[in-house]
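Below: the structure, in structure tokens.
The values are calculated or read from the model by the stated rules, or taken from the named source; none is laboratory data. From a predicted model like this one, the values you see are computed outputs, not experimental measurements. We place every Cβ from the backbone using ideal geometry, glycine too, and count neighbours over all the protein chains shown.
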């Protein structure tokens, strides 16, 4: 009986899937469906299985899968543990759901292999539990590598504007020197335990590196730029993969290096950056005249709120952050599904070609609007309860924060109200095709999901409670 | 030799070699400029800061490879729109910006905590980083964006290889450099429309990429066939004419 460590199985599966989807790229939809379903199923199974369960024996094969076993290569240990399990599961579910949603609107023939390759990298990074240098300090280099691979999945859909894809590479690469300098300072700490300056410098450098990784304003342009020019599902996946792992790195840094949280400068930078980001997201959304760009600004506004909460004390802010991010994933993918259908039907996302699109693609337009409004916490959308709780928590600290969030959310909502007028106005392009059956099915499914979460937010309670338990 | 590598004039030469391509904004200067910067940085860290022997050569090899990847894309682009910068950019503007940046580096470098480096080397490393940021600010194409990122990674790689001389740091940084070059060269091709068919006839906008490629191959074969048959026809025709002329002339003579 061959004992296969779980990381080997997981990464081999993704590698074989990437290779297989490249060889079978002519059957794009079938490939997306098969590998998307497999990835989603694997993510759900992984979530349900306890880590200490006995090895899973494959039927008819001399193979046993050990969930608890790890692999050790070149000084890196990859293993599934309680702390990284939610991240690995998120990567798999995101990958699977993203691929399934892309079956209705092609993101490019080479999208499946490139996104599977990116997923392989992100899952591998999340699985690292031990490295020659702590993962927090190596993470920007690895994230930089993964995001450069992610560029291919964004651009394979026939996008001629490469600026958005280029800008997504910048934050991890710019963050590298700051975190390495912090690592060196922390290495010096045991040699000079009396020198408090070293600890302070390390905390500030690590804080600066993490702040750059989080890409607040002015490093924010990738979200609106990708929203405007790139295939929506591919861009959503690239952004969400990256942000999932960045939040994991922030968690590792906050738990591994308490001096970071004790540094008042870091908390100040984080709250200021979060505030500026969410305000800019709201202001720019109010004036945006491109639905993709508007979606990008809504994402930016939501991200600003997460950054603002990150500045709070860990034990109090973590439940809000986890909930907000889970809802963000759901809302972003819902909006991306609708936007992808609209892009496919109209050929582009210029506002001139989308006048009256709601009369021809009602389900897709609704999915786009519901998903995007969820990012602003609009009532009766998936994001409402999470935003409302976050607002209450902020108001307890300082009511002015809550007021700023509320006003800038109003900016995002105003932008979408303008868009509703265009989408459901007079149809100006009579040759605009109607949505296909698969597009209708996927849009309805996502609408049901976000509406379900909006009506019964307690549906999210169990997975969020399990994630919080794992991170504690 | 150590004195030469650690001397201020050598550092000034390296700083100018890295700055000149940005002033001129031409890839023909930028790629060699990157190589000179890497070569010089490798020499400094290899000799003065005793970075173990294979690593400076590895760094240079990686950068040569990255530059070749970028060069390949530059040579494949048809319109070679690689000399565009921002709307307000000109040689004068860039020189002014770099002048201000040089002043700032000179005044503010002292407060930047780069351990183990002497002042001159510290100035040089910060100068490279500032040059990279200025280039990123001005770049509107993936080529100069890629050049800026490589310029950012040159001091990062050399400096941190000497601080942490471990393959776990050096190898991922090298891989990152190559991946940056790969993705930027891909984006350069995407930007330049090389990968997209722009010769689709206006009467048939729905022509797919595959059909376009097949048609262009078929069109090429057809042109060759027409050329060949025309050549054969003209040769045959010429002979017939000559024969006819001779035939016409011969009876006339008879």
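Determine whether residue B:101 is touching a helix residue (DSSP H, G or I) at 6+ places or on another chain (Cβ under 8 Å), surrounded by 13 or more Cβ atoms within 10 Å (Cβ to Cβ) and at pLDDT below 95. Yes; evaluated as a whole, the condition is true for this residue.
The single residue among B:124, B:153, B:114 that is under 30 Å from residue A:132 (Cβ atoms), touching a helix residue (DSSP H, G or I) at 6+ places or on another chain (Cβ under 7 Å) and either outside any helix (DSSP H, G or I) or not assigned by TED's automatic domain parsing to the domain that holds residue B:22 (or both) turns out to be B:114. The condition of being free of Cβ contacts under 8 Å to residues at least 60 places away in the same chain, more than 15 Å from the chain's Cα centre (by Cα) and farther than 30 Å from residue B:164 by Cβ holds for residue B:100.
Here the condition is being within 14 Å of another protein chain (Cβ to nearest Cβ) and within 23 Å of the chain's Cα centre (by Cα); of A:284, A:234, A:288, A:183, it holds for A:234 alone.
I'd like the residue in segment A:306-317 that is in a helix (DSSP H, G or I) and more than 20 Å from the chain's Cα centre (by Cα) and, out of all such residues, is modelled with the highest pLDDT. Looking at residues that are in a helix (DSSP H, G or I) and more than 20 Å from the chain's Cα centre (by Cα), I get A:316.
Might you let me know whether segment A:294-305 holds any residue that is surrounded by fewer than 24 Cβ atoms within 10 Å (Cβ to Cβ) and at pLDDT 90 or above? No, segment A:294-305 contains no residue that is surrounded by fewer than 24 Cβ atoms within 10 Å (Cβ to Cβ) and at pLDDT 90 or above.
In segment A:190-203, the residue that is farthest from the other protein chains (Cβ to nearest Cβ) out of those that are within 21 Å of residue A:132 (Cα to Cα) and surrounded by fewer than 15 Cβ atoms within 10 Å (Cβ to Cβ) is A:190. Going by what's in this entry, would residue A:97 be described as buried (at least 17 other Cβ atoms within 10 Å of the Cβ), more than 22 Å from the chain's Cα centre (by Cα) and at pLDDT 95 or above? Judged against the criteria, residue A:97 is not a match. Residues in segment A:188-205 that are touching a helix residue (DSSP H, G or I) at 6+ places or on another chain (Cβ under 6 Å) and assigned to a helix (DSSP H, G or I): A:188, A:198, A:199, A:201, A:202, A:203, A:204, A:205. When you check residue A:177 against the structure, is it surrounded by 24 or more Cβ atoms within 10 Å (Cβ to Cβ) and within 11 Å of another protein chain (Cβ to nearest Cβ), yes or no? Judged against the criteria, residue A:177 is not a match. Considering (1) in contact with a helix residue (DSSP H, G or I) (Cβ under 6 Å, 6 or more places away or on another chain); (2) more than 7 Å from chain A (Cβ to nearest Cβ); (3) closer than 26 Å to residue A:136 by Cβ; (4) surrounded by fewer than 21 Cβ atoms within 10 Å (Cβ to Cβ), the lone condition that residue B:133 does not fulfil carries the number (1).
The set of residues in segment A:206-226 being within 14 Å of chain B (Cβ to nearest Cβ), closer than 24 Å to residue A:237 by Cβ and part of a helix (DSSP H, G or I) consists of A:212, A:222, A:225, A:226. Helices (runs of 4 or more DSSP H) fully within segment B:1-46 that include at least 1 residues being under 30 Å from residue B:142 (Cβ atoms) and in contact (Cβ under 8 Å) with a residue 24 or more places away in the chain: B:8-24, B:27-43.
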